[in-house]
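These notes concern the structure reproduced below.
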Amino acid sequence: MKLIEPSMEYNSQIQAYRREFLEYGGSMDGCGSLRRFETTREWLDQVESLKRPETTPPDLVPMSQYIYVRETDRKVVGVIQIRHQFNDFLEKYAGHIGYSVCPSERKKGYATEMLRLVLPKCRSLGLGRVLVCCVEGNEGSRRTILKNGGVYETTVYLPSREVYLERYWIDLSE
């Protein structure tokens, strides 16, 4: 398994990941706008523009995007995103990190490992601690966060999605 920046080299695998979510109906957290882009190129153009503050649109924040790839068959099994800073929405409801695992690949420990691998990247961005949120009742995501040192803070209600979100902080100081 490896955590890498997405590229056109993984075009067919990224599209397969997207298709599976569209068929399954999942939320594709941590994928940015992959759901609405028809082509990988469009998504990668957005991913590239969000890497730096000077090319990030004013309503968004700079982000780092990664895909989690199984090396034996090159399948994209997960996607994870680091938001370098907060806007009002991220600070209250989404946090620094969003991630998802392909529906057919869940319950195999991929999310836990993906989150573990991205935490040093957060530290290198100068983040001393990160906020990670999950939908209340999402036991898999809760366990992923807890296994990576998450400490529960509070639960908030997101009216636009009509869900409660649990907020966890992970301390990156060592």
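Quick note: the coordinates plus some simple rules give every number you see, no bench work behind them. This one's a predicted model, so the numbers in the text were calculated from it and none came from an experiment. Backbone-built Cβ (ideal geometry, glycine too); neighbour counts: all protein chains shown.
The table for this structure:
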{"item": "Of 47, 78, 130, farthest towards positive along the dipole that unit charges on Lys, Arg, Asp, Glu beta carbons give the chain", "result": "78"}
{"item": "Contour minus Cα-Cα distance for residue 104 and residue 162 (0.36 nm per residue)", "result": "18.3 nm"}
{"item": "Pairwise FRET efficiency - residue 52 versus residue 27, Cβ, R0 = 30 Å, nearest 0.05", "result": "0.65"}
{"item": "Helix-derived mean residue ellipticity, 222 nm - over the chain, DSSP H n ≥ 4, -39500 (n - 2.57), to 500", "result": "-8500 deg cm²/dmol"}
{"item": "Kyte-Doolittle at least 0.5, axis length at least 30 Å by Cα - qualifying DSSP helices, the chain", "result": "none"}
{"item": "Taking 145, 67, 80, 4 and counting other C-beta atoms within 10 Å, the order from fewest to most", "result": "4, 67, 80, 145"}
{"item": "Peptide ranges 127-133, 68-74 listed from the most packed, as the mean C-beta count within 10 angstrom indicates", "result": "127-133, 68-74"}
{"item": "Dipole-positive endmost among 30, 141, 154 within the chain (Cβ charges, Cα centre)", "result": "141"}
{"item": "Cα-derived Rg to Rh of the range 1-134, Kirkwood definition", "result": "0.93"}
